[in-house]
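Below is one structure, written out as structure tokens, with a few remarks after it.
The values are calculated or read from the model by the stated rules, or taken from the named source; none is laboratory data. Only a predicted model underlies this, so the values are computations on that prediction, with no experimental measurement involved. A quick note on method: Cβ atoms are made from the backbone with ideal geometry, for glycine too, and the neighbour counts reach across all protein chains shown.
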């Protein structure tokens, strides 16, 4: 049976109860097929470097969550966000989101405006994983940016791809911009709150208004306004 | 969400498909915004020399009718006169934030360009638009992101008012009625640029009873892009 992979022929000594028509010896030779595990191949590392650059004027980007998964989406525009995404969008906390995929890597501290951070992530043997990224704009109620289920099979070793990403609204918290509800350094308000009091679905973000531009309850200033895009993402497959 | 099939064209083209350049396509429009509604969508596949709007040129009266009041009657007349193929009002009315609507059509030979328009609400004469996007000939799925434009035909006073062409104010259909304020004094929003241009956005205010604008500044502003068009070519 040479066509069957991962099987090896084995010669066994069968006991007399086997075949009555065979010779006069108490032991007979029969060839049987038994399943023997093929040699386990050495896992091949497939590694990526993801560089996130903060394009905004006055919005810190929370430590980006980088997740590789094999199917579906971890967030999508028009969908109800998971609590894991809500924790990123309202507070910048990615621990729960980082458990969602096959492998993941979190950023090391926030990215201040104009700066960037490179995060490495390695998956074994899989070259067609999907890449999802999420990070909060800190001086907002529930704004995040990122990438959803980008197909990594497009990258050979050494290839890079760069994109600019817009601001999304998680839809889980009204955009009051108040000092009590915005957790970033501009205000120091509350982070995650399980109550959802906004649209309930992910959309593009309408932008922060700020007190300077007519929202009297806002603790934000013109310093915190942004336009799209808000982050740049560069993905390089390194091995 | 009833797609308009150009059945007669499809039947004819089925007999002559070998030498035809007709394409069987689906056009899906998604409203990407947090709080804007789209009025009935017109997706028109037309010849290269036809245009529903051009940035930097004055809006046609048919475009004005769509951008100020959401009526695609004029656009339909233009499309018919140009022997265009059209998906008309695939959402069956307003397309709410993040919702999708799609329709199918079989393009007529020579109709190679896709244009898509719908008014964005609340606005005086804002619309999302795709202008003469060349349909790919290779089968596949293609994505285009659309910006919001200002038709340049009406001052952006951001007050409740009329959807009739040339009349001030914004039309306020039922889903938007409870979301908008009243009693605004009016934004000084006359157009410096009277041609079709990228919309500067709503300014809004945070009062439901007075202030300058009847638009809510935390809900009805937007940043581009505002719409995603996904075209499937078979």
Query raised in the report: Given the residues A:120, A:94, A:62, which is the only one that is free of Cβ contacts under 8 Å to residues at least 60 places away in the same chain and touching a strand residue (DSSP E or B) at 6+ places or on another chain (Cβ under 9 Å)?
Result: A:94
Requested in this report: Among the candidates B:54, B:28, single out the residue that is within 14 Å of another protein chain (Cβ to nearest Cβ) and either modelled with pLDDT under 95 or surrounded by fewer than 22 Cβ atoms within 10 Å (Cβ to Cβ) (or both).
Outcome: B:28
Query raised in the report: Any chance region B:204-216 includes a residue that's within 12 Å of chain A (Cβ to nearest Cβ), under 22 Å from the mean Cα position of the chain (by Cα) and in a loop (DSSP other than H, G, I, E, B)?
Result: yes
Query raised in the report: in the same structural domain as residue A:177 (by TED's automatic domain parsing) and assigned to a strand (DSSP E or B) - does that describe any residue in region A:70-79?
Result: no
Report task. Output the residues belonging to region B:64-95 that are in contact with a strand residue (DSSP E or B) (Cβ under 7 Å, 6 or more places away or on another chain), part of a loop (DSSP other than H, G, I, E, B) and farther than 26 Å from residue A:76 by Cα. Result -> B:70, B:72, B:82, B:84
Report task. Would you check if residue A:238 is surrounded by fewer than 18 Cβ atoms within 10 Å (Cβ to Cβ), more than 13 Å from chain B (Cβ to nearest Cβ) and either under 19 Å from residue A:135 (Cα atoms) or modelled with pLDDT of 95 or more (or both)? Result -> yes
Report task. Report yes if some residue within region A:145-159 is within 14 Å of chain B (Cβ to nearest Cβ) and buried (at least 21 other Cβ atoms within 10 Å of the Cβ); otherwise report no. Result -> yes
Query - From the options A:122, A:163, A:143, A:132, residue that is closer than 27 Å to residue A:203 by Cα and out of contact with any helix residue (DSSP H, G or I) (no Cβ under 9 Å at 6 or more places or on another chain) - result: A:163
Query raised in the report: Out of all the residues in region A:70-82, is one or more farther than 30 Å from residue B:229 by Cα and at pLDDT 95 or above?
Result: no
Report task. Can you confirm whether region A:197-208 contains a residue that is modelled with pLDDT of 95 or more, surrounded by fewer than 18 Cβ atoms within 10 Å (Cβ to Cβ) and on the phi > 0 side of the Ramachandran plot? Result -> yes
Report task. Within region B:176-203, count every residue that is outside any loop (DSSP other than H, G, I, E, B), under 20 Å from the mean Cα position of the chain (by Cα) and within 14 Å of chain A (Cβ to nearest Cβ). Result -> 1
Requested in this report: Inspect region A:214-228 for any residue being in contact with a strand residue (DSSP E or B) (Cβ under 6 Å, 6 or more places away or on another chain), within 14 Å of another protein chain (Cβ to nearest Cβ) and more than 19 Å from residue A:94 (Cα to Cα) and give the result as yes or no.
Outcome: yes
